[in-house]
Structures are given as structure tokens and as C-alpha cells.
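The values are calculated or read from the model by the stated rules, or taken from the named source; none is laboratory data. Quick caveat, the model's predicted, so the values are computed rather than measured. We place every Cβ from the backbone using ideal geometry, glycine too, and count neighbours over all the protein chains shown. To get the accessible areas, we keep the full protein, side chains included, count just its heavy atoms, and leave off ligands, DNA and RNA. Shrake-Rupley method; radii C 1.70, N 1.55, O 1.52, S 1.80 Å.
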Amino acid sequence: MAVNNIIILGIESSCDDTSAAILMGTKILSNFTATQLIHEKYGGVVPELASRAHQENILPVVERAIEEAGITLKDIEAVAFTEGPGLLGSLVVGVSFAKSFALARNIPLLAVHHMKAHILAHFIDDEEKEKPTFPFLCLTVSGGHTQIVLVESHLKMKVLGKTIDDAAGEAFDKAAKMLGFAYPGGPLIDKFAENGNPDKFSFSKPRIQGLDFSFSGLKTSILYSILNAKKENPNFIEENRNDLCASIQKSIVTILIQKIEMAVQQTGIYQVALAGGVSANSELRKVLNAKKMNNWKVFIPKIEYCADNAAMIAITGKYLYDAGNFSNQEVCAKARMPW
Ligand code: KG4
Ligand code: ZN
């Protein structure tokens, strides 16, 4: 049963962002995120530190979201939260908060799959943006996942292909680490690539069948190219930073685009959406947008809905609510979660 203007509190804490959002109907009233900068110096997310930071952040973040939405605690009619997949110690904080909140307020609980939520962010109301219609394909690219998903309805999705090793975001971050950048290095590669030559360096390409992805060969190829070049010139990275970034970025984007092209050919579905943190990448957005020339209908998320955010959790909660798909106090955080 669809309740048009229902007010839902969304909570996201699967990795290193603590986020809360207020949704009314399909409209976002607020979406506030505290990003944990503590991981920068460790070269990756430290699970124990992430969990502790979520505990410190969760209350102020929720209070801020409620305040920015201009509502009161009593207006909230349901709470949606990330059940998984993600880091267990991080998820537990959001799950426990949501369960306590729902119990105290006697309102329904909605357990959300993080990766599905990245996709459903496309259904948040936005006057400037058209929404995809079903069925469509979604290239879901984040720090932990790389998938091609067939989206048949808001709640019916099927993974057609996925990475067999590293995720695209991981490939960006690991390459960035080799260049000496702080974590997460993906956005820095994007930034320096702007002034670089994408054809200056070439790296090995994966030879993987079907719609699955692989990035580990590329990672090794980048590492050895850098190590060998540094033997000749110790300043190789500094002197070639922009060209290295542009070439690495081109390699990753090419791998992603080749597979989504194959998925379009195989399914005959020409509506393609992008989702997940890596969808913020400017080259990926540009190359996918150019596919409109080939009769593709392309859906690129707004930058604020690319990285982890609670707005996507709240909108997914709305569709679960409409379908009567409620959770209960027995629900637990899940590091791995089937589709
Ligand atoms: O979806 P997300 O925020 O968190 C996960 O669920 O993993 O994705 C984070 C990933 C990181 O690997 C980060 O480096 C990457 O997204 N990322 C980017 C860019 N912005 C974020 N990668 C390349 N270019 C960007 N502009
Ligand atoms: Zn994510």
C-alpha cells in the first residue's frame, strides 16, 4: 500500500560515511553525511576506527538531518537502514541505532541492501532529471563492488556480471596508493587526469569472458610499469603524474565501458544507468554520456548521490514500505548479503 507523503528516516553506516536523510514521499528533505577523514593516513578504511567513529557520529548526524529537514522527531513514520553488505563493525552501529529508534517510537523498520540502494537513488525526485523506466541496466561501481545489474522493477534486480577480484573503486584506490596519494585516491586520479595524456602509457587488458570483470591484472601491470620506470628515473612518478593518472583512468573506464556495451548487445536494453562511488568519475560520466549518440538512454546520478549516502537508503525504504516488506527487531547486520 503506497503512502504518498510518508516521512522516512534513512540511516547509512556500511563503510566510512555516517549518513542520515529525511525523505517525504519520493522527495529528499535532507541528506547529511559525516565522512571519516581518519582513514586517509592508513591508506584504506580501518574497520575498528570506522566503527568507533560511527558511534560518535550517528547521533549528531541524525539530529542534523532532522533539523535541516525542518521536521520533528515525531513526524518520522518509518526508519530505513543499511542491513548490508559492508563492514560488520560499521553496519552494527547503524542497525542498532535504527532498531532502537523504531522500538522507542513504535514505527516500522525497513532493512535495505546497500547495492540496490545505490541503484534506486535514480528514483529520488529531481525536477531536472528523468527517471529510468523498467527494464534498465545499471553499471554499479563502488569501492567494494563492480556489477552489471538488470533492474526489472524497484525491488526485482538480477546481477548479470561482476568482478572476480578487485572492484573498480579498489583499482582506482590501489593505483593511487602506488602514486603516493592518500586514501581514497580515486577522486585524486580523476583530478590530475584532467591535465594528462591518456595515451601516454598503456597497461595490460583483462581477457575475461562474458560480463564479468577483472582488475587484478591491470593493478599488477601498473605496479611493474612504475617499478621498472623508477629504476631508470627515480623521479618518474612526479614527472609523469598527470599522464599516469589519465592513462590509468582510461584503462579502468575502457574495461567498464566494454562490458556494459556487451550487456546492451546481449539484452537489447538501451537504457543504462550508472551508480556507486566511482560514478562520480568525470571520464566515466563523459564516455557513458557520449553513448547517447548510439541511441542509448543514459542516466548519471547527481554527484551527491554517487558516494555512500542515506538518501538512497531512505528511497529504497519507501519502496519496501509500499510493498509491505517490513523488518523486525531480530534483524542483524550482514557483511555479505545475497541479492
Ligand atoms: O560507493 P562508495 O562511496 O563506497 C562503497 O560502497 O565502496 O565508493 C567509494 C569508491 C572509492 O573507491 C573511491 O575512490 C571511488 O569510489 N571514487 C572515485 C571517484 N570518486 C569516488 N573513483 C574515481 N573517480 C572519482 N571521481
Ligand atoms: Zn556504496
Count of the stretch 1-54 residues which are in a loop (DSSP other than H, G, I, E, B), at pLDDT 95 or above and either of a type in the set (A, V, I, L, M) or in contact with a helix residue (DSSP H, G or I) (Cβ under 7 Å, 6 or more places away or on another chain) (or both) = 4
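Yes/no per residue for (1) surrounded by fewer than 19 Cβ atoms within 10 Å (Cβ to Cβ); (2) within 16 Å of ligand 2 (Cβ to nearest atom); (3) modelled with pLDDT under 95:
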position: Ile248; (1), (2), (3): no, no, no
position: Val253; (1), (2), (3): no, no, no
position: Gln258; (1), (2), (3): yes, no, no
position: Met262; (1), (2), (3): yes, no, no
position: Tyr270; (1), (2), (3): yes, no, no
position: Ala273; (1), (2), (3): no, yes, no
position: Lys286; (1), (2), (3): yes, no, no
position: Ala290; (1), (2), (3): yes, no, no
position: Asn295; (1), (2), (3): yes, no, yes
Any residue in the stretch 81-101 that is at pLDDT 95 or above, surrounded by fewer than 24 Cβ atoms within 10 Å (Cβ to Cβ), more than 16 Å from ligand 1 (Cβ to nearest atom) and at positive phi?
-> no
When the residues of the stretch 138-158 are filtered to those that are more than 16 Å from Met337 (Cα to Cα) and without any contact (Cβ under 8 Å) to a residue 60 or more places away in the chain, which remaining residue is most open to solvent (accessible area, probe 1.4 Å)?
-> Glu152
Would you call Pro184 in a loop (DSSP other than H, G, I, E, B) and within 16 Å of ligand 2 (Cβ to nearest atom)?
-> yes
Flag for Leu160 being among the hydrophobic types (A, V, I, L, M, F, W, C), more than 13 Å from ligand 2 (Cβ to nearest atom) and over 26 Å from Leu29 (Cα atoms) | yes
Answer yes or no: is there a residue in the stretch 230-241 that is touching a residue at least 12 places away in the same chain (Cβ under 8 Å), among the basic types (Lys, Arg), in a helix (DSSP H, G or I) and open to solvent by less than 80 Å² (accessible area, probe 1.4 Å).
-> no
Working only within the stretch 307-339, note down all residues that are surrounded by 23 or more Cβ atoms within 10 Å (Cβ to Cβ) and either aromatic (Phe, Trp, Tyr) or closer than 13 Å to Ala80 by Cβ (or both).
-> Asn309, Ala310, Ala311, Met312, Ile313, Ala314, Ile315, Thr316, Gly317, Lys318, Leu320
State whether one or more residues within the stretch 281-293 are within 15 Å of ligand 1 (Cβ to nearest atom), assigned to a helix (DSSP H, G or I), more than 26 Å from Ser216 (Cα to Cα) and touching a residue at least 12 places away in the same chain (Cβ under 8 Å).
-> no
Would you check which residues across the stretch 159-181 are assigned to a helix (DSSP H, G or I), over 17 Å from His118 (Cβ atoms) and open to solvent by less than 50 Å² (accessible area, probe 1.4 Å) and list them?
-> Ala171, Asp173, Ala175, Ala176, Met178
Give the stretch 119-144 a look and list any residue that's out of contact with any strand residue (DSSP E or B) (no Cβ under 7 Å at 6 or more places or on another chain) and either within 16 Å of ligand 1 (Cβ to nearest atom) or assigned to a strand (DSSP E or B) (or both), or say none.
-> Leu120, Val141, Ser142, Gly143, Gly144
